[in-house]
1. When the residues of region 97-125 are filtered to those that are more than 14 Å from ligand 1 (Cβ to nearest atom) and among the small types (G, A, S), which remaining residue is nearest to the chain's Cα centre (by Cα)?
2. If you check every pair at least six apart or on different chains, which have Cβ atoms under 6 Å apart with a residue in region 60-72 that is closer than 18 Å to C113 by Cβ first and a residue that is surrounded by fewer than 15 Cβ atoms within 10 Å (Cβ to Cβ) and not polar (S, T, N, Q) second?
3. Scan region 84-126 residue by residue and report those that are more than 15 Å from ligand 2 (Cβ to nearest atom) and part of a strand (DSSP E or B).
4. Please verify whether T94 is among the hydroxyl-bearing types (S, T, Y), surrounded by 16 or more Cβ atoms within 10 Å (Cβ to Cβ) and either in contact (Cβ under 8 Å) with a residue 40 or more places away in the chain or farther than 14 Å from S69 by Cα (or both), treating the condition exactly as stated.
5. Among the residues of region 72-83, which ones are in contact with a Leu (Cβ under 8 Å, 6 or more places away or on another chain) and part of a strand (DSSP E or B)?
6. Being away from ligand 1 (no atom under 14 Å from the Cβ), over 24 Å from the mean Cα position of the chain (by Cα), modelled with pLDDT under 95 and among the basic types (K, R) is true for just one of R128, R71. Which residue is that?
Amino acid sequence: MRISSEIVVAAIIFFFMMVVLAFNLYLYAKWHLRSALRAHSRPRFDFTAIDIDPLRVPDHGLEAAVLQSLRVTVYRATDFKEGIECAICLSQLTDGEVARLLPKCGHGFHLDCIDMWFCSHSTCPLCRRPIGTNPNVQPMSGLPTIHA
Ligand SMILES: [Zn+2]
Ligand SMILES: [Zn+2]
């Protein structure tokens, strides 16, 4: 009788431990699933983290004054023999559309398209040349000059 009652007590303890373990597993799974879902859904709302070139420093767009200084023209097919394809919306410019022409590379884009682009970039979307008013600006290397 003594042995069987010990077995019953051990069985109860074992059963109790299993319940606690199962409950812990349930809590862990719930927490893990929720954090995994949260991590999964986060990038959908984080547009600032998305950049085409990860090696480039974060670009905060072109200054309004520089943007205003860029040439704006009404597109005429007769003025542009080869036509202009807007690289942002990927469509050919048609007569009467307002275009902005970039001074350094001569690339042209819809006014609305390129202005939207320059909200978050300061380079030509086609050739990646920086759009600066000062042509003498050189990129800073940050490395000390070594004199031999
Ligand atoms: Zn366009
Ligand atoms: Zn360009």
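1. Among residues in region 97-125 that are more than 14 Å from ligand 1 (Cβ to nearest atom) and among the small types (G, A, S), the one nearest to the chain's Cα centre (by Cα) is S120.
2. G61/C119
3. S91, Q92, V98
4. Criteria not met by T94.
5. Those that are in contact with a Leu (Cβ under 8 Å, 6 or more places away or on another chain) and part of a strand (DSSP E or B): V72, T73.
6. Unique residue meeting the criteria: R71.
The values are calculated or read from the model by the stated rules, or taken from the named source; none is laboratory data. Bear in mind the structure is a predicted one, so any value in this text is a computation, not a measurement. Don't worry about glycine lacking a Cβ; one is built from the backbone with ideal geometry, like all the others, and counts go over all protein chains shown.
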